[in-house]
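Heads up: the structure comes next, in structure tokens.
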Amino acid sequence: VKQIDGYGKGAIVGTAGELEHGALWHVPGGYAMRERLGDAKAIVPSAKKVGAFGSKLDVPLGHINAAYVRSHFDAMEVGISDGPRPDEILFCLAMTCGPRIHNRMGGLAADDIKAWDGLR
């Protein structure tokens, strides 16, 4: 757990559901993940959609303590071949160790986080 420095979350709601069903999980899912990782400061990036069998979701990723750390801007594709069924919701948590490979966007570096406000 100590090596994790990037995260994101997402939901794919089956076709019989509503987008809001996936949205309702974002607050408890985000707080639980942040607490488990040692009270991470940054909001957990998220995505959601309504989808059929085999739908994929690009889950956005960001740094756990500062949203402006650009080296951790990334995404992870998530999905399962036989779901979600119409009455199911696929919830996912994505976590990373380290920055995006070959990152060179500049900006705030993870080692330079100072404010500890979740942004800078």
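Only the coordinates and a few stated rules stand behind these numbers; no lab work does. Note that the structure is a prediction, hence the values are computed from the model and not measured. Neighbour counts are summed over all protein chains in view; Cβ atoms, including those assigned to glycine, are modelled from backbone coordinates with ideal geometry.
Side notes on the structure shown:
- Inter-probe distance in nm under a simple model that places probes 7 Å from Cα toward Cβ, at residue 56 and residue 23: 2.6 nm
- Beta bridges by DSSP in the chain, antiparallel share as percent, to the nearest 5: 75 percent
- The length gained on full extension between residue 4 and residue 103, counted as 0.36 nm times the residue separation minus their Cα-Cα distance, comes to 33.9 nm.
- Where the Cα pairs of the chain fall when distances are cut into 5 Å bins, in %: 2, 13, 21, 21, 16, 12, 9, 4, 2, 0
- Helical runs (DSSP H, four residues minimum) scored at -39500 (n - 2.57) apiece and divided by the length of the chain put the mean residue ellipticity at 222 nm at -3500 deg cm²/dmol.
- Zone residues, segment 1-32, relative to residue 116, backbone N less than 17 Å from point 7 Å out along Cα-to-Cβ: none
- Taking the chain and dividing mean pair separation by its residue count, relative contact order in percent (alpha carbons under 8 Å, at least six apart): 35 percent
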